[in-house]
1. Return the pair list, or none, for Cβ contacts closer than 6 Å from residues in the range A:1-27 that are under 16 Å from A:Glu218 (Cα atoms) to residues that are part of a strand (DSSP E or B) and hydroxyl-bearing (Ser, Thr, Tyr), at least 6 apart or on different chains.
2. Return yes or no: is A:Thr62 surrounded by fewer than 22 Cβ atoms within 10 Å (Cβ to Cβ), under 20 Å from A:Asp206 (Cβ atoms) and away from chain B (no Cβ under 13 Å)?
3. List, please: which pairs have Cβ atoms under 6 Å, are six or more places apart or on different chains, and start with a residue in the range A:198-211 that is under 17 Å from A:Leu309 (Cβ atoms) and touching a residue at least 12 places away in the same chain (Cβ under 8 Å) and end with one that is of a type outside the set (S, T, N, Q) and assigned to a helix (DSSP H, G or I)?
4. With B:Pro177, B:Pro137 as the choices, which residue is more than 14 Å from every other protein chain (Cβ to nearest Cβ), free of Cβ contacts under 8 Å to residues at least 60 places away in the same chain and not hydrophobic (A, V, I, L, M, F, W, C)?
5. What residue, of B:Val286, B:Val290, B:Val255, is surrounded by 18 or more Cβ atoms within 10 Å (Cβ to Cβ) and within 30 Å of B:Ser141 (Cβ to Cβ)?
6. Does the range A:270-285 include one or more residues that are in contact with a Pro (Cβ under 8 Å, 6 or more places away or on another chain), in a strand (DSSP E or B), without any contact (Cβ under 8 Å) to a residue 60 or more places away in the chain and of a type in the set (A, V, I, L, M, F, W, C)?
7. Just the residues that are within 13 Å of A:Leu38 (Cα to Cα) and either in a helix (DSSP H, G or I) or within 14 Å of chain B (Cβ to nearest Cβ) (or both), please, taken from the range A:167-192.
8. For the range B:235-305, please list each of the helices (runs of 4 or more DSSP H) lying entirely inside it that holds at least 2 residues being away from every other protein chain (no Cβ under 14 Å), in contact with a helix residue (DSSP H, G or I) (Cβ under 7 Å, 6 or more places away or on another chain) and charged (D, E, K, R).
Amino acid sequence: MIIEAQGLTKTYQSKSGPVHALAGLDLQVPRGTVKALLGPNGAGKTTVVKMLTTLIRPDAGTAVIDGIDVIRHPKSVRRIIGVSGQYAAVDENLTGFENLEMVGRLYHLGGAAARRRAQELIDLFELTAAGNRPVKGFSGGMRRRIDLAGALVINPKVLFLDEPTTGLDPRSRIALWDVIKHLVADGTTVLLTTQYLEEADQLADDIVVIDDGRVIAEGTSDQLKAQIGGHRVVVALVDAADGGTAREILARHGSGEPSMSTDGRGVEVAVTDGPTALQNMLSDLRAAQVNLHDAGMRRPTLDDVFLKLTGHKADLDATDDDTDAGGPKLSKRAQAKRDQARATDADATDLEKVT
Amino acid sequence: MSPRHSAVTPEPVTPEPAGFEQARELSESRVGTLPPLPTWNPFSLWYSDGWTVTKRNLIKIKRSPDMLVFAVIQPIMFVLLFSQVYGGAIAVEGSDYTQFLMAGIFAQTVVFGATFSGAAMALDLKEGIIDRFRSLPMNASAVLIGRTNGDLVLNTISMVIMMATGLAVGWRVTTSPVEFLAGVSLLLLFGYAFSWVMALLGMSVKSPEVINNASFLILFPLTFVSNAFVPSETLPTPLRVFAEWNPVSSLVQAVRQLFGNLGTAPVPDIWTMQNPILTVLIGITVMLLVFVPLCIRKFASISSR
């Protein structure tokens, strides 16, 4: 294990009482693998990354990276890690080249090596356009790439990517995925956080689902998907009166309990063998003379994972991900939702854990 | 095909830019070109880190004309406004108002100049670059040293402009070059020390907007309830006492003395006014001794948002 963390705990004081950003989180990352922390905003993902990258101290718990204690020897840890955050940490007034050169100098590569490395990264990341103009005025995708290049100025033993594509347009996201995939091809250990199941799926060997500051499930993407039933079939009925029949047919070919939309016209179920299940359902529905407006398959979303694992929806509209003295900025609504969810979580944790 | 950065030394040219699709090339170059970390002694590390961040702030000054304009125009405006508008109305015992005024404007400007550190720290914190710095194996004080050095440079520029403007409206230094330089050094040192105070404030507030408002709440009383623009004897008693013990007053008094702008007015019989240079030196030392460690400690625990 290159990353080994145990019982990481962080509690912030807020007006409505203590908020547990992390409630005893354990994490193991084997050398040379890519692990994704998957969870909604406020789950504690960023807090984990900030702890492991020495930015904040846990209230309790231990963390070791490549045999170095993160809390006791933060400076030694900083020598072997690269960090790229959710907000591109680049200086807007400096050019891409100057940003990277500065980072190189602060890693103590020395001036000549820092300049050579900066130019190399500019070339490799196709940042030539941003190379000699101030970063201000460049697109979000370009900034992220500069930021990511900043994390690679040394050849880090562990690369931390905190929501590397949040806020990017789909094209930039796919381009950045490409960059990251190539980085991990040669065996760099990566810990990344994301809100998107698809992103975790694309990039990670292993996924850790976290919610409310603790691990609620862990496994490969296939294991998790098997748990939530892979694809989902969704049908829209012309007549709500067919609801019962449709539900029965979907249950027959699906891998779980079908759910109905509130208006009774939408029926949805998880399936294991997507296309075949869909075909069977459609022919059964036709035989039962159920008229459809629409039918199709969709990939599971983070919402599905959460619904399945915790019994509550992922709170994707909750405000930003925790941290800093001010503490997490949770709306009253989100707070109440959490407290309510916490009770059910305790049971879910043991039951749902895979691996 | 792609233009290379002009500042780059003519180094071994890597083949054409590898696209994302050329994974091998990327990984090979990542492993291949990194030199072993040079062994540095702690002092040269500290110096190098501080200088690297200072350079960043100097580039920033060069690229943000608004900062330069503020640093250049405001002192000119203040010198002209106060000397020409109030000069005729405010009579100062034993001196001409322009001679009396200049030390006050110098002091005010260096104190105002220190607010850049506060605002810049707050902004860096908001933009997340502090997280980048804090995740690097650099010296913890380097960011703050680089920051306060940036203020020092801006203050020096302001000082030169102000002096030229002052000379144009009739201000004269009547002492020796050594005393003149001592006065200038005292001003810049005071501004530098005050930058650390503002840097701590900048790291403690929630947003860059707050720091601007907070700065003015501190700066206006500090610079106006002093002997900078009017003799402190003219103030009502509570304000007069504040003014006499105000470190800015001591700075102004010390600079007037060193530039030979005191005139013939009697010096208030207060220790701080009788020994202004010593008072200012004590003030600078205390500010640095208290706020440098506080800033470094604060820096080690801050993180964006």
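1. Between residues of the range A:1-27 that are under 16 Å from A:Glu218 (Cα atoms) and residues that are part of a strand (DSSP E or B) and hydroxyl-bearing (Ser, Thr, Tyr), the close pairs are A:Gln6/A:Thr62; A:Gly24/A:Thr9.
2. So A:Thr62 does not fit the description; no.
3. Matching pairs, first to second residue: A:Ile207/A:Ala200; A:Ile207/A:Leu224.
4. B:Pro177
5. Step by step, each of B:Val286, B:Val290, B:Val255 is checked, and only B:Val255 is surrounded by 18 or more Cβ atoms within 10 Å (Cβ to Cβ) and within 30 Å of B:Ser141 (Cβ to Cβ).
6. yes
7. The answer is A:Leu191, and nothing else.
8. Fully inside the range B:235-305 and qualifying: B:237-245.
The values are calculated or read from the model by the stated rules, or taken from the named source; none is laboratory data. The structure presented is a predicted model; accordingly, all values stated were derived computationally and were not measured. Please note: Cβ atoms are built from the backbone with ideal geometry, for glycine as well, and neighbour counts cover all protein chains shown.
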